[in-house]
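Engineer: Okay, here's the structure, questions in a sec.
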Amino acid sequence: MTLKAEQILANSQFETKKSEKVAALGLIDPMTEAKSKLKGPAHSIRKAVIPAAGLGTRFLPASKTVPKEMLPIVDKPGLLYIMEEIAGAGIEQVVLIAGRGKSAIEDFFDTSYELEDQLVRAGKEDLLQRIHGVKDMVEVISIRQKQAKGLGHAVLCAEPVVGQEPFALLLGDELMITAKNEPTAIGQLCQAHQEQGMSCVAVMEVPLEETSKYGIVAAEESPGGFLRIRSVVEKPRPQEAPSRFALPGRYVFESGIFTHLKSVGAGVNGEIQLTDGMTALAQQEGLLATTLKARRYDAGDRLGYLQANLELALEHPELGPGFRRYLKEFVANNRAMFSSFMFAVLMPLLVLLGALGIGGFSSAAWAYIPEPSMILSRTGLNNGNGFYQLEQDVILPTESEPFILRERWTVRDEHQMRLEVEGRGFLQGIVNMTLVYDSHQRHLVDAEGQVRSSRLSEDWHEPFFHFRRAATLRSLLANLNILPAEDELARDFVRLSRTGGGVTYAFGTPTPVGHFQLLPGLWIEQDQFVIRKLRLPSQVLIQADDYQRFERSLWMPRLRTISWAAGSREAKIQLTAVRALPQNAQNQQLVNPAQLKTQAKEVTPLRMGDYELIRDFYSRFR
Ligand code: UTP
């Protein structure tokens, strides 16, 4: 290969004391802001590669002259978000692989004397600073990929500049957004690479029907919450996907990847696939995968691009409030059109929930409500033959206002209960739904007023055990040769839940989402000493806290926390009331699915983010 760095675009001609100047002007310096995200111990990654030379066919005709990576998202090119992510990780040099329309990228990072002069004359120092801030962030080296011969080929183009050191790779059309005070996505990966001393890439879970859009990994669990990749399959059909873990376009590679890319050579369409190189790397040197704490948008896809614009505009400090007002008004004035849009593109929450039971999530769902027989024996009137009612708030934290959903469970027994969910705060009147559970079936009403039913899995119910002494359990099990020796236990022995004075432990390898075969594992119900195979598809962690006495001296946790998706998602459940209800016809009607028919209500999720988070929680846990 005879490629060499063509141009160094942005560097020393800009003063190094810029941040002081900015502070004096009272302006926000994007560089300082991006760098302030850098957290934790240092890592050794100094170079980042951004391939931005693809043909962008999904974005034609817009991408004919402007690379899709330069299309604006709210008020800056998508590429700049990625530059900020890199700068925020403390990486100082970026190797940009550009193709057609390269000049748009070069011009962006080049000095624009005329424009800057104009801004100075007009006294628009703030705008000037925003332009300079971009160039100060990192040193940009641009390399041309003369033909779009695949992502693997694009990465190889960076070899002359990267050389023999490990480097970060960020796809130019994938945005990863993190909270201001959190490490950036690539920063998290650099840290993981530093700790593990091995190439490390990001993965995310995708629905089975979407595996054909991504590179999908075949992997097994590795210590520290990582997956160890065996191979990577490029865009497999759902039935051929080895898992549901997809590559969202963030990687940290040892330089050995170059050798592997050269040796795998061109595949389909004469393209060199990065995924082929990764398989070789995984098999010969080792490759780890981890999920990242970040929000991701596929900005190379038109729908993903629109989603990014909408959500980032809502969060924009200047534009957000006005845009939110506009959107609310727009929805109110165009209700019919909006709900049909929701129906066609996003699907209302209820419809989706209805579909979930049929689609396959239900086998993974556990409902985290306390075990009825125990509560009924205490609260139910007529010697435990009554009903009980439980009220709780489900709080889903977001970067801004949390989503709060009030739940009211009316429980006859574990096979007959009703759940009413109502949005609180700004979700009031937006989320409103009722589900009835009856003999292993879940029933709900969709947006068209139709009852939809789905079957619940056998392990749908949360166990609720009496508590004895947790401290001695581990050694006891080890002494009985049920579990390995104590020192080997430290890694794999996980406390899953502690509810109502009971503790559930897992030992072994919980089955992650996307693995079709249950991995070996034990589920230990401490008190009863029952040991059975663990089926924990989502690697859900449940913790209970703040025990209080409720009606009839019932000792229950007021606060339960469920975290999933490798800790990136969390729901807090605050129990506010548990009360006994008599056994009468009125209560019996509440848990009757036939009653659901009168309960149809329109559901109009307001923002994509709300929708996705709420949908995720309810599809997994209810
Ligand atoms: P994509 O497959 O998403 O990009 O590659 P594409 O080929 O441009 O898109 P469509 O499918 O035709 O719409 C992921 C990233 O890799 C870059 C792209 O620019 C994108 O950022 N890429 C891909 C290259 O730099 N060179 C290539 O030959 C292929």
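The values are calculated or read from the model by the stated rules, or taken from the named source; none is laboratory data. All of these numbers come straight from a predicted model, not from anything done at the bench. Heads up, the Cβs are rebuilt from the backbone with ideal geometry, glycines too, and the neighbour counts pull from every protein chain shown. When the accessible area is computed, the model is the full protein with side chains, heavy atoms only, and any ligands, DNA or RNA have been set aside. Shrake-Rupley method; radii C 1.70, N 1.55, O 1.52, S 1.80 Å.
Engineer: Just to compare against my own numbers: the Cα pair-distance distribution for segment 90-200, 5 Å bins, whole % per bin, please.
Structural biologist: Computed distribution, short to long bins: 2, 9, 15, 18, 19, 15, 12, 6, 3, 1, 0.
Engineer: While we're looking at this one, here's another question. If you bin every alpha carbon distance in segment 258-335 into 5 Å steps from zero, what whole percent lands in each bin?
Structural biologist: Percent of Cα pairs in each bin: 3, 12, 12, 11, 13, 12, 8, 7, 7, 9, 5, 1.
Engineer: In addition: Give me, ordered by chain and number, the residues 5 or more places off residue 95 or on other chains with an amide H under 5 Å from its own placed amide H.
Structural biologist: Here the answer is 48, 49, 50, 141, since their amide H atoms fall under 5 Å of that of residue 95.
Engineer: Going by average Cβ density within 10 Å per residue, which order do the peptides 58-67, 226-235 take, highest to lowest?
Structural biologist: In decreasing order of mean packing, 58-67, 226-235 become 226-235, 58-67.
Engineer: Students sometimes get this wrong: rank 399, 551 by accessible area, probe 1.4 Å, all chains present, largest first.
Structural biologist: 399, 551
Engineer: Another question about this same structure. Quick one: with all protein chains in place, what share of the accessible area of segment 42-129 is carbon or sulfur, to the nearest percent (1.4 Å probe)?
Structural biologist: Carbon plus sulfur share of accessible area: 53 percent.
Engineer: For segment 118-171, treating each Cα as an identical point scatterer without solvent, what Debye log10 I(q)/I(0) comes out at q = 0.29, 0.32 1/Å?
Structural biologist: Normalising to I(0) and taking log10 leaves -1.20, -1.25.
Engineer: Rounded to the nearest whole Å², what accessible area per residue is found for segment 208-262 with the 1.4 Å probe?
Structural biologist: Solvent-accessible surface per residue comes out at 41 Å².
Engineer: Something else: With a probe of 1.4 Å, find how much accessible area segment 84-160 has per residue, and write the answer as a whole number in Å².
Structural biologist: Result: 42 Å² of accessible area for each residue.
Engineer: Can you check how the C-alpha radius of gyration of segment 149-211 compares to 2.2 N^0.38 Å, as a plain ratio?
Structural biologist: Cα-based Rg divided by the globular estimate yields 1.33.
Engineer: Given contacts defined as C-alpha pairs under 8 Å and at least six residues apart, what's the relative contact order of segment 46-126, whole-number percent?
Structural biologist: Value for segment 46-126: 39 percent.
Engineer: Over segment 388-457, give the accessible area per residue in Å² for a 1.4 Å probe, as an integer.
Structural biologist: 37 Å²
Engineer: Quick one: of 146/293; 124/293; 235/328; 68/572; 124/149; 68/293, which pairs are farther than 32 Å apart, Cα to Cα?
Structural biologist: Cα-Cα > 32 Å for 146/293; 124/293; 235/328; 68/572; 124/149; rest within.
Engineer: Further question on the same structure: When you take every Cα atom in segment 157-268, what is the radius of gyration, and what is Dmax, the widest Cα pair distance, in Å?
Structural biologist: 14.8, 43
Engineer: Right, here's the next one. If you roll a 1.4 Å probe over segment 145-294 with all protein chains in place, what percent of the accessible area is carbon or sulfur?
Structural biologist: For segment 145-294, the apolar C and S fraction of the accessible surface comes to 46 percent.
Engineer: Something else: To the nearest whole percent, what portion of all C-alpha pairs in segment 383-446 is separated by more than 13 angstrom?
Structural biologist: Within segment 383-446, distances greater than 13 Å cover 67 percent of Cα pairs.
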